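Student: Pasting a structure here, questions to come.
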Ligand code: ATP
């Protein structure tokens, strides 16, 4: 699995999807730049989300709030006092870790040991293998798995809020510094994740600000402005995509956990008492959205939270099977009226809705869906990257992106660089580029050009050859099946459209 992950990172760099930020200065940890193909894939994911949330729902509208907000926002939202991660330093190595992540990684290692034994047994017994029976009768594997579950449930119960508890668990499990093996830890401390900055030039009047750690608060502060100017009736939603910043302590796993990342959030405002109905509605709707991409049902699962954040009365994650295991991809939270009430209290202004049907004023309840755009990118990219062994025994690397998300929809390739074939290819490009991202490539043998487009995730290769001059037909090759059809140039647009439209 580690190898798969390394492949993902190097493929992303080699084929122009993601580069480390400021690489000439040896990079900046947990900050990444999206390159020429990455920016297209990311844009397509964002549009796919936007279309399904905003365009397809008459009662959801968009917003683009500023990253910088009045600092009292973060006092009211609880971020100044409670947006912390538990942190522990190793006294010998001077390395800093997130205490809960250290425990989680330890649990994951135990789980991996169990899974290895299960896989070995499966290989040995073949079709006759019954996993449940094996786990029930094999004492060692049973013990690993129950230990794994116990640690996870202790973490889920929110023990990370109690710093003494995390410290005790690290000692009880005899967890060591993953790099040096030392068990000499400091106490666990809370560490606030917000990035601070300053507004204004003069030293005494400058105002301390934060870079927003979530996009949601920009929606809450604009709730009444949008409702009134748009004449919105509850239930309605406000959707926003944009950058958020968190000074993460463990910055690793590539774009899974970044310091600067992008969120796609929707806050849905409902009548108090109706939030559970909408919470279940959005859980299901959001899972279906993920499934519509066709990455495989088995790669998703819900994780319902037992321990809830201070603002929530129900919360679940949609977890995805990343190359390093199932991890949070999206959160669905029933946030009650916590945020709007807090902003009323801190601002002294009313943030209430007049419900014409009930003939009363109230502060709406909120159901939130929040997905990381970069995590979506990683989920899509890592799952699509495949090594295939072909009939002749050779292998090919192919990025089987959902066609609707592919950066380039078709590559137009003249078979040779002469006889007027490049001119015909360029004419085809001039026709198609109004509707799709298309690319031109004339370098190397056509087989190698196909492989390059496979690695970039391009769903179609269109080859112009000598027959094209005679009858205006071309070959169109399908990325996944490698099948080639002979079609009229005039048909190309419909064929591509059929496959790639949102
Ligand atoms: P985690 O537990 O992984 O830190 P979280 O529960 O703090 O995530 P939320 O505050 O619910 O995350 O944010 C909503 C979504 O934003 C997450 O589901 C995730 O997809 C994304 N996200 C959060 N933090 C990061 C980050 N540091 N880098 C990339 N994406 C992130």
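Just so you know, all these numbers are worked out from the coordinates, no wet-lab data involved. Just so it is clear, the structure is predicted and the values come from calculations on it, not from any experiment. Methodologically, a virtual Cβ is constructed for each residue, glycine included, from the backbone with ideal geometry; neighbour enumeration extends over all protein chains shown.
Student: State log₁₀ I(q)/I(0) for region 84-192 at q = 0.10, 0.16 Å⁻¹ as given by the Debye formula over alpha-carbon point scatterers of equal weight, solvent excluded.
Tutor: -0.37, -0.74
Student: Beta carbons within 10 angstrom, averaged per residue: use that to sort the peptides 122-128, 235-241, 110-116, highest first. Let's see the in-between values first.
Tutor: Numbers: 122-128: 9.0, 235-241: 22.4, 110-116: 16.1.
With the highest mean Cβ count within 10 Å placed first, the list reads 235-241, 110-116, 122-128.
Student: Count the DSSP beta bridges whose two residues both fall in the chain, then state the antiparallel fraction as a percent rounded to the nearest 5.
Tutor: Values: 71 of 82 bridges.
Roughly 85 percent of the DSSP beta bridges within the chain come out antiparallel.
Student: From the mean inverse distance of alpha carbon pairs (Kirkwood) and the Cα radius of gyration, derive Rg over Rh for region 273-341. List each step's numbers first, then the result.
Tutor: Numbers: Rg = 13.2 Å, Rh = 13.0 Å.
Radius of gyration over Kirkwood radius for region 273-341 works out to 1.02.
Student: Another question, then. I need 231, 448, 257 ordered by Cβ neighbour count within 10 Å, fewest first. Mind showing how you got there, number by number?
Tutor: Details: 231 6, 448 11, 257 20.
With the fewest neighbours first, 231, 448, 257 line up as 231, 448, 257.
Student: Using just the helices of the chain, give the 222 nm mean residue ellipticity in deg cm²/dmol: DSSP H runs with n ≥ 4 each add -39,500 (n - 2.57), and the total is spread over all residues, rounded to 500.
Tutor: Numbers: 17 runs with 189 residues, N = 502.
Mean residue ellipticity at 222 nm (helix-derived): -11500 deg cm²/dmol.
Student: How do 194, 258 line up, fewest other C-beta atoms within 10 Å first? Walk me through the intermediate numbers first.
Tutor: Details: 194 18, 258 22.
The fewest-first ordering by Cβ neighbours comes to 194, 258.
Student: Answer rounded, prolate or oblate for the chain, using the Cα gyration tensor with square roots of eigenvalues a ≥ b ≥ c: rounded when a/c is under 1.5, else prolate when a/b is larger than b/c, else oblate. Write down the numbers at each step before the final one.
Tutor: Values: a/c = 1.82, a/b = 1.28, b/c = 1.42.
Taking the square roots of the gyration eigenvalues as a ≥ b ≥ c, the chain is oblate.
Student: For 287, 199, which order do you get if you count the other beta carbons within 10 Å of each Cβ and list the fewest first?
Tutor: By the 10 Å Cβ count, ascending, the order reads 199, 287.
Student: Here is a further query. Please report the projected area of region 41-97's Cα convex hull averaged over all directions, in nm². Kindly include the intermediate steps, with their values, before the conclusion.
Tutor: Working: hull surface 30.9 nm².
Its average projected convex-hull area is 7.7 nm².
Student: With the calculation restricted to Cα positions, what are the radius of gyration and Dmax of region 408-500 in angstrom?
Tutor: Spelled out, the Cα radius of gyration and Dmax of region 408-500 are 11.8, 32 Å.
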